[in-house]
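Written out below as structure tokens is the structure these notes cover.
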Amino acid sequence: MARGKTKMRRIENATSRQVTFSKRRKGLLKKAYELSVLCEAEVAVIIFSQNGKLYEFSSNSEIRKTIDRYRGSTNDVDTYQANMEQRILHLKRETMEMERKIELLEVSLQKLSGQCLGSCSIDEIQGIGDQLERSLSSIRKRKVQLFNDQRQQLQAKERSLREENAKLLAKCLANHGQSTANPRATAIHRRSSWSTDVETGLFIGLPES
């Protein structure tokens, strides 16, 4: 017959409860030992009976070393969680501050564009006007600077073209001077060009009948 599933509830009979405790305790300590041997795991088990008697097992030489290691690991986790919570709170505050700044910038932009001025006082209107004047002044200065830069670029380009034109003119004059200095070579060149263009009527062969 199949063994029925044991209901998880307190055993009322004291003798049965003690026997079950003894069996389960031995089985638990055996499993802990097997786990430490088979998997090379550091295992520690602490059991207190109903009467307060201590039963323990440790794969380490001293169970206190395992306990200290557990406490250190727990402290590291707690410290990490605390740091993460602090960082999250800091990021939330930064996000709220950034949202507030963005809202103020949007309102200021609307006022500078001439919107939402109904609730502005005279001083605020004056301040907006002064800010617009400063902005226009900066824009004008930038515009003048761009025009000056463009003019300087055009002047530099003009100088470069003038220099190139002067070089070409000097080269042409130099070539013309060489041709006028040797008229015989020029005449021979002209005759050779003419001779190639003249057609002759010379025919070699028997006369026609």
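Identify all lysines with a Cα-Cα distance to residue 167 below 18 Å; exclude those on the same chain that are fewer than 8 residues away in sequence.
Result set, ordered by chain and number: 157.
Given the pairs 101/141; 5/31; 31/53, which span a C-alpha to C-alpha distance of over 23 angstrom in this model?
Numbers: 101/141 29 Å; 5/31 21 Å; 31/53 20 Å.
Violating the 23 Å limit, Cα to Cα: 101/141.
In whole percent, and with a 1.4 Å probe on the protein chains, what portion of the accessible area of the stretch 1-97 is carbon and sulfur? Write out the running numbers ahead of the final one.
Details: 4710 of 8730 Å².
The C+S portion of the solvent-accessible surface of the stretch 1-97 is 54 percent.
Quick check on the stretch 75-168: take the gyration tensor over C-alpha atoms, sort the square-rooted eigenvalues as a ≥ b ≥ c, and tell me if it's rounded (a/c under 1.5), prolate or oblate. Provide the component values of the computation, followed by the final result.
On the way: a/c = 6.68, a/b = 1.70, b/c = 3.94.
It is oblate, given that a/c is not under 1.5 and a/b is not larger than b/c.
Which value results when the Cα radius of gyration for the stretch 10-64 is divided by 2.2 N^0.38 Å? Spell out each step's value before the answer.
On the way: Rg = 13.1 Å, N = 55, 2.2 N^0.38 = 10.1 Å.
Against the compact-globule rule of thumb, the ratio is 1.30.
The values are calculated or read from the model by the stated rules, or taken from the named source; none is laboratory data. As the structure is a computational prediction, the values presented were derived from the model and not from experiment. The area values use the complete protein model at the heavy-atom level, side chains included, leaving out ligands, DNA and RNA. Shrake-Rupley method; radii C 1.70, N 1.55, O 1.52, S 1.80 Å.
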